[in-house]
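Data block below; observations after.
The values are calculated or read from the model by the stated rules, or taken from the named source; none is laboratory data. Since this is a predicted model, take the numbers as computed values, not measurements. As a convention, Cβ positions derive from the backbone with ideal geometry for all residues, glycine included, and neighbour counts pool all protein chains shown. These accessible areas exclude ligands, DNA and RNA; they are computed on the full protein's heavy atoms, side chains included. Shrake-Rupley method; radii C 1.70, N 1.55, O 1.52, S 1.80 Å.
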Amino acid sequence: MANSAAGIIFSSLNINTLSRLTGDRTVAAIPFACRYRLVDFCLSNMVNANISNINIVANYNYRSLLEHIGSGKDFDLARRESRVTFISPFQSGASASSKMFSTHMEALKSMREYINDFKEEYVVMMDSDNVLNIDVSEVIKSHELTGADITIVTRAIDKSYSAKHPRMMLSSVAGKITELALDSAYNERYPELSLGIFVMKTVYLRHLISEAEAFGLNSLTQLMLKNCKSSNYRAYKYTGFVASVSSFLDYYRYSMELAKCEQARESLLWKKEAPIFTRVHNSAPTVYSAKAKVESSMIADDCVIEGTVINSIISRGVRVEAGAVVKNCVLFAGTRVGKKASLNCIVTDKAVDISDGVTLSGNENMPFYIQKGRKI
Amino acid sequence: MYCKKECIAMLLAGGQGSRLYDLTKQIAKPAVSFGGKYKIIDFPLSNCINSGIDTVGVLTQYQPLALNEYVANGAPWDLDRMRGGLSVLPPYQGGKHSDWYKGTANAIYQNINFIKRYNPDYVLILSGDHIYRMDYKLMLEQHKRTGAVCTVATITVPMEEASRFGICNTNPDGSIYEFEEKPKQPKNNQASMGIYIFSTKTLIEYLEADEADENSSNDFGKNIIPNLLNNGEKLYSYKFDGYWKDVGTISSLWEANMDLIGEEPILNLAEKKLRIYSKNTARAPQYVGAKAKISNSLIPEGCRIYGTVKNSILSGGVIVEEGAVVSDSVIMDDVVIKKGASVYTAIIDADSIIEEGAVVGTDGAGKDNITVIASGSVVAAKKA
């Protein structure tokens, strides 16, 4: 049945690991793949599954997130029967101290009254730091079919995996989760990584919140670890492209993968039946001059390309002037690369200005970041 | 509910554009794609909002489906307003009469009630056939300054082409003493752009008189303007000196597209001043493959380029596969040009497929030999 699930998106609960990109924006508002922000993937996954009551938990600097989503119109969420609501920390009459939503559970506890009013049978929760294009209605269907308490979307990992901070990992047998753990490195006992997408019945979520309140627990993960053995938690293994952005280096590597790998683009961006929505701007087509040379790159509108661009992700309104060379770079909106400048393995934040003739280079394993608005 | 407006615009968008042949078989001319992300009607609508005019009646008639769908509530041009905004005005059935729009003047006449709702001092008459950027505010200021009852926007055209236009013969102060529709021997080269500002009272008066005249062809250029002059009314020309192009033919449509590219494009759409707005979609960013070669071209979001594109204008969602060549061409939305196919000097309408190895057009054919492929066509390679 359509509209039978409500959505909750956590915009920023792992802020410490992406320090450079989250200097003045929340994780969900980090630009990705030229024209998107991380939250677009969560919102689109939900909208494409007909979820029309979407709630975004926003605590860390969320100004750019508010600006990006606006009324929700560009996501078709500004209708009488569909909406996007921001949930932020607040002070209340009952207690003098306000909670800053430092964990999922802290936010959920504050939303308690509100969640009690949800009419939808299911709740889909998502973290915004996993970027994927998944058919959520299939996950809900599988959840219904298996009668699970919680269905967690996972992907297989191998020993190449590492994260700066511990993430939820697990093992499952025929979909039934047998062990759940928190770890930052690969452990063969837990060959699956949680993608931060949880499906459960709304009543079950209410029950979890009550339990957390009763035990004085402030962490959903702790609660799930405690309950894993006695509950029916199930894994839904996703096999398409996933960018798990847990560090700046991750961010850079997944951006490069999008520039180089056709399957990644197909899985994330080119699904005809599952478009990714984003805030639309009025922009002119990108201009390629007579001397432009572009290879293996993804480019947004409103750019002017007069130089060379190879293996790069170029956002809206970027100017690569004559004789400039941009290689293995991620350039955010409004970056100017001056004449004969040369960039390799660089990530520029918005409106960076690289003067004529400047040469800058990072390394594939240590890309160089230039902060918003800097002139070099 | 209807508040007074100083000036409202009436945009004549019912034209068939029969000289665009296959391109307007199923859509009205103002809905024809232009410049990669635009439709012709984006230009007058954007000009309106850039000139501070927030109430626009769009008069549709010929094949209005695509046009109606596109303009919808006017949101892309910021014309979705509580008061005013964009209204689509199709011909309608009335108690006494029910008529198609017989001519430009009759179309406005049938919508006098729409005009009266806003009680405007001035009415700006526009057509949806031209590519240009213009600040109508400046024209309105002149209209007020001169105290004219009607101001006609004019542009200098080459003398040898003047006989194709309505020509304004003016006194040194800009007042018009004679208006000749397509004269055999034009006295000068100041052509009417089909853009008029009327003082509302005079407009309604003349439209009513024109309607009562059974011999009239109900046309602004042929009837209304000459009648005003015959009655000694005060008409002025407003000289416009920017880019203006009638895109009523295949070659002029192709040429206008080509004016967008080159070292110093004659018409630069990236310019922020008097920006042209269009309905933007959430297509994926464009992707340029490892073997692609792109030069001197405009490419918008949704395109995937693996072959060669030069001197061309592509619209959203076009796919150019490996080894394919697109040169001196205008490619509209979602066209697929398959491996090894070549497209030269052509306009390919939306959703067409150029099959592997097919060749469309001739390299260097020039503006008078444009190959046109109708929308939804499948062009296969010639069998050897």
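What number of residues in segment B:97-114 are under 14 Å from B:Leu12 (Cβ atoms), open to solvent by less than 70 Å² (accessible area, probe 1.4 Å) and in a helix (DSSP H, G or I)? Reasoning before the result, please.
The initial filter retains those residues of segment B:97-114 that are under 14 Å from B:Leu12 (Cβ atoms), namely B:100-111, B:114.
Remaining after also requiring open to solvent by less than 70 Å² (accessible area, probe 1.4 Å): B:101, B:103-108, B:110-111, B:114.
Narrowing the set further to residues that are in a helix (DSSP H, G or I) leaves B:104-108, B:114.
Of the residues in that region, 6 qualify.
So which residues in segment B:336-357 are not in a strand (DSSP E or B) and not polar (S, T, N, Q)?
Here is the first cut: in segment B:336-357, the ones not in a strand (DSSP E or B) are B:338-341, B:345, B:349-352, B:355-357.
Of everything in segment B:336-357, those that are not in a strand (DSSP E or B) and not polar (S, T, N, Q) turn out to be B:Lys338, B:Lys339, B:Gly340, B:Ala341, B:Asp349, B:Ala350, B:Asp351, B:Glu355, B:Glu356, B:Gly357.
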- [ ] Could you check, for segment A:266-286, whether at least one of its residues is under 28 Å from B:Ile261 (Cβ atoms), among the aromatic types (Phe, Trp, Tyr), buried (at least 22 other Cβ atoms within 10 Å of the Cβ) and at the interface with another protein chain (Cβ under 10 Å from one of its Cβ atoms)?
- [x] no
Task: Output for segment B:288-300, where each listed residue is part of a loop (DSSP other than H, G, I, E, B) and over 16 Å from A:Ser312 (Cα atoms) - done: B:Asn296, B:Pro300
TODO: Filter segment B:157-178 for residues that are under 28 Å from B:Ile108 (Cα atoms), open to solvent by 20 Å² or more (accessible area, probe 1.4 Å) and without any contact (Cβ under 8 Å) to a residue 60 or more places away in the chain and give the result.
DONE: B:Ser163, B:Arg164, B:Phe165, B:Tyr177, B:Glu178
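Evaluate segment A:239-246: report whether one residue or more is closer than 24 Å to A:Met168 by Cβ, more than 13 Å from chain B (Cβ to nearest Cβ), touching a Ser or Thr at 6+ places or on another chain (Cβ under 6 Å) and not polar (S, T, N, Q).
Yes.
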- [ ] Keeping to segment A:304-363, report how many residues are within 13 Å of chain B (Cβ to nearest Cβ), touching a Cys at 6+ places or on another chain (Cβ under 7 Å) and buried (at least 24 other Cβ atoms within 10 Å of the Cβ).
- [x] 5
Task: Spans of helices (runs of 4 or more DSSP H) in segment A:19-113 with at least 1 residues within 14 Å of chain B (Cβ to nearest Cβ), touching a residue at least 24 places away in the same chain (Cβ under 8 Å) and of a type outside the set (Asp, Glu) - done: A:38-47, A:63-69
Open item on the list: If I filter segment B:144-155 for residues that are in contact (Cβ under 8 Å) with a residue 12 or more places away in the chain and in contact with a Cys (Cβ under 9 Å, 6 or more places away or on another chain), do I get at least one hit?
Closed with: yes
- [ ] Read through the list (1) in contact with a Pro (Cβ under 9 Å, 6 or more places away or on another chain); (2) open to solvent by less than 10 Å² (accessible area, probe 1.4 Å); (3) more than 16 Å from B:Ile8 (Cα to Cα); (4) not charged (D, E, K, R), then give the number of the only condition that B:Ala153 fails.
- [x] (1)
- [ ] Confirm whether B:Ile319 is surrounded by 24 or more Cβ atoms within 10 Å (Cβ to Cβ), among the β-branched types (Val, Ile, Thr) and within 13 Å of another protein chain (Cβ to nearest Cβ).
- [x] no
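Out of segment B:203-222, which residues are closer than 23 Å to B:Pro120 by Cα and of a type outside the set (D, E, K, R)?
Matches in segment B:203-222: B:Leu203, B:Ile204, B:Tyr206, B:Leu207, B:Ala209, B:Asn218, B:Phe220, B:Gly221.
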TODO: Look through segment B:255-278, keep the residues that are open to solvent by 30 Å² or more (accessible area, probe 1.4 Å) and under 22 Å from B:Gly17 (Cα atoms), and return whichever of them is farthest from the other protein chains (Cβ to nearest Cβ).
DONE: B:Glu255
Open item on the list: Just checking, does segment A:306-328 include any residue being outside any loop (DSSP other than H, G, I, E, B), of a type outside the set (Gly, Ala, Ser) and touching a helix residue (DSSP H, G or I) at 6+ places or on another chain (Cβ under 6 Å)?
Closed with: yes
Open item on the list: Among the residues of segment B:243-254, what is the count of those that are touching a strand residue (DSSP E or B) at 6+ places or on another chain (Cβ under 9 Å) and open to solvent by 20 Å² or more (accessible area, probe 1.4 Å)?
Closed with: 6
Open item on the list: Take A:His165 and tell me if it is touching a residue at least 12 places away in the same chain (Cβ under 8 Å), assigned by TED's automatic domain parsing to the domain that holds A:Met105, of a type outside the set (Ser, Thr, Tyr) and in a strand (DSSP E or B).
Closed with: yes
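Do we find a residue being among the aliphatic types (A, V, I, L, M), within 8 Å of chain A (Cβ to nearest Cβ), farther than 20 Å from A:Gly307 by Cβ and surrounded by 20 or more Cβ atoms within 10 Å (Cβ to Cβ) anywhere in segment B:286-297? Even if it seems obvious, please write down each step before you answer.
The first filter runs over segment B:286-297 and keeps only residues among the aliphatic types (A, V, I, L, M), leaving B:288, B:290, B:292, B:294.
Narrowing the set further to residues that are within 8 Å of chain A (Cβ to nearest Cβ) leaves B:288, B:290, B:292, B:294.
Filter once more, keeping what is farther than 20 Å from A:Gly307 by Cβ: none.
No, every residue in segment B:286-297 fails to be among the aliphatic types (A, V, I, L, M), within 8 Å of chain A (Cβ to nearest Cβ), farther than 20 Å from A:Gly307 by Cβ and surrounded by 20 or more Cβ atoms within 10 Å (Cβ to Cβ).
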Open item on the list: Which count do you get for residues in segment B:76-96 that are open to solvent by 30 Å² or more (accessible area, probe 1.4 Å), of a type outside the set (Lys, Arg) and either assigned to a helix (DSSP H, G or I) or over 15 Å from B:Asn113 (Cα atoms) (or both)?
Closed with: 4
- [ ] Go through segment B:26-54 and give me each residue that's more than 14 Å from chain A (Cβ to nearest Cβ) and under 16 Å from B:Asp246 (Cβ atoms).
- [x] B:Ala28, B:Lys29, B:Pro30, B:Val32, B:Ile40, B:Ile41, B:Pro44, B:Asn47
Task: Any pair with Cβ under 8 angstrom, 6 or more apart, that starts in segment A:222-234 at a residue that is assigned by TED's automatic domain parsing to the domain that holds A:Asp183 and ends at one that is surrounded by fewer than 18 Cβ atoms within 10 Å (Cβ to Cβ) and of a type in the set (Lys, Arg) - done: A:Asn232/A:Lys176; A:Tyr233/A:Lys176; A:Arg234/A:Lys176
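Using the structure shown, decide if A:Leu208 is over 18 Å from the mean Cα position of the chain (by Cα) and open to solvent by 10 Å² or more (accessible area, probe 1.4 Å).
Values: over 18 Å from the mean Cα position of the chain (by Cα): yes; open to solvent by 10 Å² or more (accessible area, probe 1.4 Å): no.
In short, no.
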Open item on the list: Quick check on my filter: what residues within segment B:344-378 are of a type in the set (A, V, I, L, M, F, W, C) and over 29 Å from the mean Cα position of the chain (by Cα)?
Closed with: B:Ala358, B:Val359
